[in-house]
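Here the structure is laid out as structure tokens; the discussion comes afterwards.
Every read-out reported here was derived from the displayed coordinates using simple, explicitly stated rules and does not represent laboratory data. Owing to the predicted nature of the structure, the values given are computational and were not obtained by experimental measurement. Cβ coordinates were reconstructed from backbone atoms using ideal geometry, including for glycine residues, and neighbour counts include every protein chain displayed.
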Amino acid sequence: MMQTAAVELGVRLRLLTVDPDDAAAQVIPQTTVGHHTDLTALQLLAEGTAAVTFDHEHVPTEHLHALADAGHAVRPGPQALVHAQDKLVMRRRLTDLGLPCPRWAAVHDAAELTAFGDEVGWPVVLKTSRGGYDGKGVRVVAGADDAADWLERSAGSPLLAEEKVAYRRELAALVARSPSGQAAAWPVVESIQVDGVCDEVIAPAPGLDDDTAGEATTVALRVAGELGVTGVLAVELFETDQGRVLVNELAMRPHNSGHWTIDGSVTSQFEQHLRAVLDLPLGVTTPRARWTVMVNVLGGQYEDLYRSYLHVMARDPGVKVHLYGKAVRPGRKVGHVTVYGEDLDDVRARARHAADFIRGVIDE
Ligand code: ADP
């Protein structure tokens, strides 16, 4: 999705990917197949580029330091990105900055986990510090016995234990920051998860009072500034019944909670990310309509989405369909749909119908 923006900005992308069939490789002519953990491959990629950036967090931090030390513009830089790679590093830093987090502890063994759970109340949310995504690497445990396998496997490197927040809903605050320090924020959105995977995003978050929206945006801009983030930063938040926000996690790249901006905002997160990492002036983030709803299309019963895609376009010409060119596997994110307009119920219903129909959950 960054390529669409790159074409319009006149920016040439160069891609390193492990899989020659992956979605980005299908649309970026200058693609190299190689591994993001291979320093030589990374060095070859970086040679002669204006900036190096990412669409996932899995490039080893030490490789990023090596690229930065060799003079490449790594954006976001490793000192910032490590907070999106390692949840314990993130919790420590945000707590030091006084930013609102769930109560948490680094736990090495059953005794430490039990002590934490007894203090904050069970169940406890246990997370691997690195490598998790879409709810993998997150587990709700009722006692230390439920975590025996993880504690054994983690072999000395601590796990992150968090109080289980009784949140009202999940929000995301999306901002961008450039190396010269310019920043821009989109409206705070509500993100609805199903089985740990983002299902739907509503922009702006319905009924969110101005104070909470302001606090969420302030938190995100502070994170961006204090950590020296360059590019897009998504801050996933919990909204509590007391009208507070707590930071769940950070992503330093265009994020699923910002896909709505492609159709729903004057500047999309992909365009903004490129502008930011290249230190170009940022674009305005004004929404195109009162409401924008994005629903993810997960792999379902149809292997070939063409018929259902055709039907959705014919039924509702206002639906914007985005397919990623990925092989359809059950539960895999293979695309998304976006609808925007003035009536939230109508916009939500149309987006939901389109996504469910493409996937094959409904057939009329
Ligand atoms: P991932 O890195 O896999 O996205 P997250 O840390 O975002 O993992 O957690 C996945 C989901 O688990 C969250 O979207 C939220 O629904 C739930 N969750 C995570 N942390 C907590 C918590 N402290 N309290 C309650 N629910 C949580």
In whole µm²/s, the translational diffusion coefficient that Stokes-Einstein assigns to the chain, given a Kirkwood hydrodynamic radius over C-alpha pairs, 37 °C and 0.692 mPa s, equals 153 µm²/s
Under the helix-only model (-39500 (n - 2.57) for each DSSP H run of 4 or more, divided by the residues of the chain), the mean residue ellipticity at 222 nm, to 500 deg cm²/dmol, is -9500 deg cm²/dmol
What the Cα atoms of the range 55-107 span along the principal axes, largest first and in whole Å, is 38, 20, 19
Within the set Gln79, Gln242, Gln43, GNM on the chain using Cα springs under 10 Å gives the largest fluctuation to Gln242
Full extension between Leu310 and His65 adds, at 0.36 nm per residue less the Cα distance, a length in nm of 83.5 nm
Neighbour-count ranking for Tyr133, Tyr309, Tyr340 (other C-beta within 10 angstrom, fewest to most) reads Tyr133, Tyr309, Tyr340
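Checking understanding here: applying a Kyte-Doolittle mean of at least 0.0 and a length along the axis of at least 18 Å (C-alpha), which whole DSSP H helices in the chain pass? Walk me through the numbers on the way to the answer.
Details: long enough: 210-227 (25 Å, 0.10); 344-359 (22 Å, -0.58).
In the chain, the long hydrophobic H runs are 210-227.
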With a Förster distance of 35 angstrom and the Cβ-Cβ distance between Gln193 and Asp145, calculated FRET efficiency to the nearest 0.05 equals 0.85
Exposure-ranked with fewest Cβ neighbours within 10 Å first, Met294, Met313 stand as Met313, Met294
Expected sort for 109-117, 298-306 on mean C-beta neighbours within 10 Å, highest first, is 109-117, 298-306
